Amino acid sequence: MSATPDLYPSRNGSQGGVLPRQDPVIADPHAPGPLTPPQLLRYQQDGYLQCQGMFTPEEVALVQGAVAGLCAAEHVLAKPETILEPSGKAVRSIFAAHAFEPQLARLVRDPRLLGVARQILGSEVYIHQCRINYKPAFRGKEFYWHSDFETWHVEDGLPRMRALTVAINLTENSEFNGPLMVIPGSHRQYVSCAGETPENHVRDSLRRQQYGTPEHAQISALVHESGIAAPKGPAGSLVIFDCNLMHGSGANITPHARCNLFVVYNSMQNVPQQPYSGQPPRPDYIASRQPEPLLST
């Protein structure tokens, strides 16, 4: 077990519950960076911020081409980093693609993204996780409601809420093709999940099996309080969201594929400990255990 006290217990055999958040949403409200005071206030209140126009169409096209090549490459489909849909015939996720795709390696070190991450987290950052989430046309399965931090805390040993995700739309996210959905304000409390983490959790958890997911009553209470938002947008738009924000997405039964790149920046002051589940750590391609501060490209 981790030597750091468990401030956010979950999956310890008891029933789920709601605990107060014990970490600030913004580490230092006065830290310099590209976000304006109104943007920081919105992020503080809602737990997410939607941005458009950060990348040029030419920059978006380069990343789209790189990701399309990965999803079609036979050697990538055979990698352990690649998770297929339950049918086994289409990509669901590709983890750590920035480690073997130069275009993505440059993107995750883009000073525009790093500036936002450093400003909110108040420190140097590294990539805890990077993944492509692809919902193919007609058969893209849903991602059930969850807080990323609950999984990263229990299964990876991330001690505190000092991480954020930048979700970059590589295709349009419309109201029809399974866009990211969030519960505004849900990041301000921690939802502890019932049950325990099974031994075969590494691959299963990536398909969002029914552990590490809140109970229906907990989701209903959060939605009753704050509602649901779907920060949709065209290719090239992005959503920055707190590691503890409750989110998910529905299935895609449209003819239009949905593809997003998720880059998780974690504070260098919040490196992983031993998993709080008491189980071995997940592989580095899922959760980096050799953090190095990022340098801008």
- Task: Rank these residues by their accessible area, most exposed first, probe 1.4 Å: His30, His216.
- Result: His30, His216
- Message: Per q in 0.28 Å⁻¹, report the Debye log10 I(q)/I(0) for the stretch 124-166, using one uniform scatterer on each alpha carbon and no solvent.
- Response: -1.15
- Which whole-number percent gives the relative contact order of the chain, counting Cα pairs below 8 Å spaced six or more residues apart? 35
- Looking at the stretch 134-201, which chymotrypsin sites (Phe, Trp or Tyr not before Pro) are DSSP coil and have at most 14 other C-beta atoms within 10 Å of their C-beta? Phe138
- Accessible surface of Leu19 - all protein chains present, 1.4 Å probe, nearest 10 Å²: 60
- Note on the structure: With x for Gly and Pro, the residue-by-residue ³J(HN,Hα) of the stretch 264-276, computed from phi through the Karplus equation 6.51 cos²θ - 1.76 cosθ + 1.60 at θ = phi - 60° and given in whole Hz, is 9, 9, 10, 5, 5, 8, 9, 5, x, 9, 5, x, 6
- Note on the structure: On the accessible surface of the stretch 66-116, probed at 1.4 Å with all protein chains in place, carbon and sulfur together account for a percent value of 60
- Taking only the alpha-carbon positions of the stretch 1-97 as identical scatterers, the Debye log10 I(q)/I(0) at q = 0.14, 0.19, 0.24 Å⁻¹ comes out as -1.01, -0.98, -1.11
- Task: Provide the per-residue ³J(HN,Hα) series for the stretch 28-43, in order, calculated from phi with Karplus coefficients 6.51, -1.76, 1.60 and θ = phi - 60°, each as a whole number of Hz, with x at glycine and proline positions.
- Result: 9, x, 9, 5, x, x, x, 7, 7, x, x, 5, 5, 5, 4, 5
- Message: If you count only protein heavy atoms and use a 1.4 Å probe, how large is the accessible surface of Ser174, to the nearest 10 Å²?
- Response: 20
- Within the chain, what's the longest run with no GluC sites (Glu not before Pro) in a DSSP loop and at most 12 other beta-carbon atoms within 10 Å? Give the range, please. 1-174
- Message: Can you compute the helix-only [θ] at 222 nm over the chain? Use -39500 (n - 2.57) per DSSP H run of at least 4 residues, normalise by all residues, nearest 500 deg cm²/dmol.
- Response: -7000 deg cm²/dmol
- Note on the structure: Gyration tensor on Cα atoms of the stretch 212-296, a ≥ b ≥ c root eigenvalues, a/c under 1.5 rounded, else prolate if a/b beats b/c, else oblate, says oblate
- Message: Could you compute how much accessible surface Val166 exposes when probed at 1.4 Å, giving the result in Å² to the nearest 10?
- Response: 0
- Excluding residues fewer than 8 places away in the same chain, name every one of the lysines whose C-alpha is closer than 28 Å to that of Lys79. Lys89, Lys135, Lys141
- Mind checking the per residue accessible area of the chain for me, 1.4 Å probe, whole number of Å²? 42
- Task: May I ask you to evaluate 6.51 cos²θ - 1.76 cosθ + 1.60, the Karplus curve with θ = phi - 60°, for each residue of the stretch 223-238 and list the ³J(HN,Hα) values in order in whole Hz, giving x for glycine and proline?
- Result: 5, 4, 6, 10, x, 10, 10, 10, x, 6, x, x, 4, x, 6, 8
- Under 5 Å, built H, 5+ apart or other chain: amide partners of Arg92: Ile83, Leu84, Glu85
- Query: When only the heavy atoms of the protein chains count and the probe is 1.4 Å, how do Ser277, Ser192 rank by accessible area, highest first?
  - Reply: Ser277, Ser192
- Just the ratio, please: alpha-carbon radius of gyration of the chain over 2.2 N^0.38 Å, N its number of residues. 0.93
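The values are calculated or read from the model by the stated rules, or taken from the named source; none is laboratory data. Quantities reported herein were computed from a predicted structural model and do not represent experimental measurements. For neighbour counting, all protein chains shown are included, and Cβ atoms are generated from backbone atoms with ideal geometry for every residue, glycine included. Accessible surface areas use protein heavy atoms only, side chains included; no ligands, DNA or RNA. Shrake-Rupley method; radii C 1.70, N 1.55, O 1.52, S 1.80 Å.
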